[in-house]
1. Test ILE2 against the criterion of being open to solvent by 20 Å² or more (accessible area, probe 1.4 Å) and more than 12 Å from the chain's Cα centre (by Cα), and give yes or no.
2. Does the stretch 91-100 contain any residue that is over 24 Å from VAL27 (Cβ atoms), touching a Ser or Thr at 6+ places or on another chain (Cβ under 6 Å) and hydroxyl-bearing (Ser, Thr, Tyr)?
3. Please state which one of VAL111, VAL144 is in contact with a Leu (Cβ under 8 Å, 6 or more places away or on another chain) and within 17 Å of GLY30 (Cα to Cα).
4. Consider the stretch 5-45. How many of its residues are within 15 Å of the chain's Cα centre (by Cα) and not β-branched (Val, Ile, Thr)?
5. In the stretch 108-128, which residues are in contact (Cβ under 8 Å) with a residue 40 or more places away in the chain and either of a type in the set (Asp, Glu) or part of a strand (DSSP E or B) (or both)?
6. Checking the condition touching a Ser or Thr at 6+ places or on another chain (Cβ under 9 Å) and either at pLDDT 90 or above or crowded, with 19+ Cβ neighbours inside 10 Å (or both), which residue from SER118, SER140, SER108 passes?
7. Quick one: count up the residues across the stretch 5-19 that are β-branched (Val, Ile, Thr) and loosely packed, with under 10 Cβ neighbours inside 10 Å.
8. Checking THR51 against (1) open to solvent by 60 Å² or more (accessible area, probe 1.4 Å); (2) among the polar types (S, T, N, Q); (3) in a loop (DSSP other than H, G, I, E, B), only one condition comes out false. Which one?
Amino acid sequence: MIEKLVHINRVSKTVKGGKRFGFAALVVVGDGKGRVGFGHAKAREVPEAITKATASAKKKMIRVALKEGRTLHHDGKGHFGAGKVNVRTAPAGTGIIAGGPMRAVFESLGVSDVVTKSVGTSNPYNMIRATFDALTNQASPKAVAQRRGKKVADLLGRGGASEAEAEAAAEAIVE
């Protein structure tokens, strides 16, 4: 499991005798093979908050279909609150071009080539939720073909490609 600490926030609660300080942790967890989750938790001490957030992230993991195990199948957009993100598939060798919290998500996910842009907010909580919104909308050609009751080759055999090329492309896809 790949665990990445994205953000720690000191929070305070005002009580009769003064202020009580606590810590809120935001953690992203992934297996590097297409599963990723995030969690946030609060506690009086930093290590305790990180442990609780990690446990929360492991419970809320989602599976994302990856193309060739290195990039996304198609471009996508996600938003949460004021946070909007654009994620784009990229050719091999591009690397992860993403800012802060989004980089942690893609590194944990196991994506090695992706181009992203965050628009609107730099709040890590909203950026991560927007990124997860974009990732949940990802669909592999295999899943789309199954949903529509077609063969993968029928979906890929568009745009003037010969049937043999479509068959070869369908065989090359591994979810």
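1. The answer is yes for ILE2.
2. Among the residues of the stretch 91-100, not one is over 24 Å from VAL27 (Cβ atoms), touching a Ser or Thr at 6+ places or on another chain (Cβ under 6 Å) and hydroxyl-bearing (Ser, Thr, Tyr), which makes the answer no.
3. Result of the check over VAL111, VAL144: VAL111.
4. Looking only at the stretch 5-45, we keep the residues that are within 15 Å of the chain's Cα centre (by Cα), and these are 5-6, 26-39.
Subset that is not β-branched (Val, Ile, Thr): 5, 26, 30-35, 37-39.
Going through the stretch 5-45 one residue at a time, the tally reaches 11.
5. The answer is ASP113, VAL114.
6. Details: SER140 fails: touching a Ser or Thr at 6+ places or on another chain (Cβ under 9 Å); SER108 fails: touching a Ser or Thr at 6+ places or on another chain (Cβ under 9 Å).
When all the criteria are applied, what remains is SER118.
7. The qualifying residues number 2.
8. Among (1) open to solvent by 60 Å² or more (accessible area, probe 1.4 Å); (2) among the polar types (S, T, N, Q); (3) in a loop (DSSP other than H, G, I, E, B), THR51 violates only (3).
The values are calculated or read from the model by the stated rules, or taken from the named source; none is laboratory data. Nothing here was measured: the structure is a model prediction, and the numbers come from that model. Quick reminder, even Gly has a Cβ in these numbers, built from the backbone with ideal geometry, and neighbours come from all protein chains shown. Just so you know, the surface numbers come from the protein's heavy atoms only, side chains and all, with ligands and any DNA or RNA stripped out. Shrake-Rupley method; radii C 1.70, N 1.55, O 1.52, S 1.80 Å.
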